[in-house]
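The values are calculated or read from the model by the stated rules, or taken from the named source; none is laboratory data. Source: prediction; values computed, not measured. Positions of Cβ are backbone-derived with ideal geometry, glycine not excepted, and every protein chain shown enters the neighbour counts.
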Amino acid sequence: MEILEAVHRRLSQLARRREPWPEALKEALLDVQQAVEQVAPGLLSGVRLPTQDKLLEDAKRLRRGEVPEDPAYAFWLHQALRLISWPEEGDGGLPGKDWAERCPACGGFPDVGYLDAEGRRFHVCAFCDTSFRALRLACPYCGEARADHLVYYEEGPYRVYVCRSCGERFVVQDLRLKAELDLPVLRARAAWYALAEEEDVEV
Ligand SMILES: [Zn+2]
Ligand SMILES: [Zn+2]
């Protein structure tokens, strides 16, 4: 967990780019590789990047929450995409709704969330860190909203929601139990549970 935290902390310090992709994506991939090498050497060494067309296709899918199967490649691509800005894709939040499924600023998918002081649920965009109100009970990956299909485990101030429809996990911090929201720490925890899922470990 400490190494994951250090990796996320280091990555959160990288400068964001505004140039158009695919050029910006290539530079961002290099930036992420260098940053990860400093903290966790070898983490990405087994990954072979695909062709540019495939990269762009995977990037678009990842933005919609469809994550590539190889976890190291998925992580690398996701972290690179975080360095690119996507202001043109958000819908600003749809009128008449006080919640959103995707980031109203950039249209990206959320990767972690929190419950605020009133217990309202918010999600954090996996790409630009914008917080937005989310449905109290719904799987962000498949939209499942039936209560008996969504279970969660509590670990201190953290809730790990497990969707019985798609099998995905989503980590939410309860700010009533721990007020300080530290995104690198929360993301390291989410990555930790994702790894546990890979290895079929019970949480
Ligand atoms: Zn966003
Ligand atoms: Zn689901």
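So for region 170-183 (the condition being among the polar types (S, T, N, Q) and surrounded by fewer than 17 Cβ atoms within 10 Å (Cβ to Cβ)), does at least one residue qualify? No; the residues of region 170-183 include none that is among the polar types (S, T, N, Q) and surrounded by fewer than 17 Cβ atoms within 10 Å (Cβ to Cβ). Based on this model, can you work out whether residue 38 counts as modelled with pLDDT of 90 or more, more than 30 Å from residue 166 (Cα to Cα), more than 17 Å from the chain's Cα centre (by Cα) and surrounded by 17 or more Cβ atoms within 10 Å (Cβ to Cβ)? It is false that residue 38 is modelled with pLDDT of 90 or more, more than 30 Å from residue 166 (Cα to Cα), more than 17 Å from the chain's Cα centre (by Cα) and surrounded by 17 or more Cβ atoms within 10 Å (Cβ to Cβ).
For residue 185, indicate whether it is outside any loop (DSSP other than H, G, I, E, B), within 16 Å of ligand 2 (Cβ to nearest atom), over 12 Å from the mean Cα position of the chain (by Cα) and of a type in the set (A, V, I, L, M).
For residue 185, the condition - outside any loop (DSSP other than H, G, I, E, B), within 16 Å of ligand 2 (Cβ to nearest atom), over 12 Å from the mean Cα position of the chain (by Cα) and of a type in the set (A, V, I, L, M) - is not met.
What is the residue count in region 127-153 for residues that are away from ligand 2 (no atom under 16 Å from the Cβ) and over 16 Å from residue 179 (Cα atoms)? Of the residues in region 127-153, 6 are away from ligand 2 (no atom under 16 Å from the Cβ) and over 16 Å from residue 179 (Cα atoms).
Between 160, 201, 124, the distinction of being modelled with pLDDT of 90 or more, closer than 24 Å to residue 2 by Cα and more than 15 Å from ligand 2 (Cβ to nearest atom) belongs to 124 only.
Considering region 96-121 alone, what residues qualify as being surrounded by 18 or more Cβ atoms within 10 Å (Cβ to Cβ), farther than 19 Å from residue 176 by Cβ and within 16 Å of ligand 2 (Cβ to nearest atom)? Hits for region 96-121 are 102, 109, 110, 111. Here the condition is being among the hydrophobic types (A, V, I, L, M, F, W, C), closer than 15 Å to residue 64 by Cα and not assigned by TED's automatic domain parsing to the domain that holds residue 12; of 112, 172, it holds for 112 alone. Entry remark, region 163-180: residues being touching a strand residue (DSSP E or B) at 6+ places or on another chain (Cβ under 6 Å) and either more than 16 Å from ligand 2 (Cβ to nearest atom) or farther than 23 Å from residue 63 by Cβ (or both) number 3 in total.
Would a scan of region 71-88 turn up a residue that is assigned to a strand (DSSP E or B), more than 14 Å from the chain's Cα centre (by Cα), surrounded by 12 or more Cβ atoms within 10 Å (Cβ to Cβ) and away from ligand 1 (no atom under 16 Å from the Cβ)?
Within region 71-88, not a single residue is assigned to a strand (DSSP E or B), more than 14 Å from the chain's Cα centre (by Cα), surrounded by 12 or more Cβ atoms within 10 Å (Cβ to Cβ) and away from ligand 1 (no atom under 16 Å from the Cβ).
Among the residues making up region 129-139, those that are at pLDDT 90 or above and not aliphatic (A, V, I, L, M) are 129, 130, 131, 132, 133, 139.
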